[in-house]
Amino acid sequence: MAGLVGKLGQFLKSPEGRRVAQQAQRALKDPATRRKLTDAVSKFRGGAGGTGAGRPR
């Protein structure tokens, strides 16, 4: 896994990586984008409300 983290670090130091990081920061400042991301993370974690009764185990 350290190889993956190292490659990510190298990418973020490159001009393209810096550009992508700036795009992400700008997108997260937008309330609508932030809400979509929060909803997606909540769904992924299973925290979208409800009791979870319909989920298979």
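By the rule of a C-alpha distance below 26 Å, with chain neighbours fewer than 8 residues away ignored, the lysines paired with LYS43 are LYS29. Straight-line reach from LYS7: taking Cα to Cα under 16 Å and skipping same-chain neighbours fewer than 8 places apart, the aspartates and glutamates in range are GLU16.
Quick note: the coordinates plus some simple rules give every number you see, no bench work behind them. Just so you know, these numbers come straight off a predicted model, no measurement behind them.
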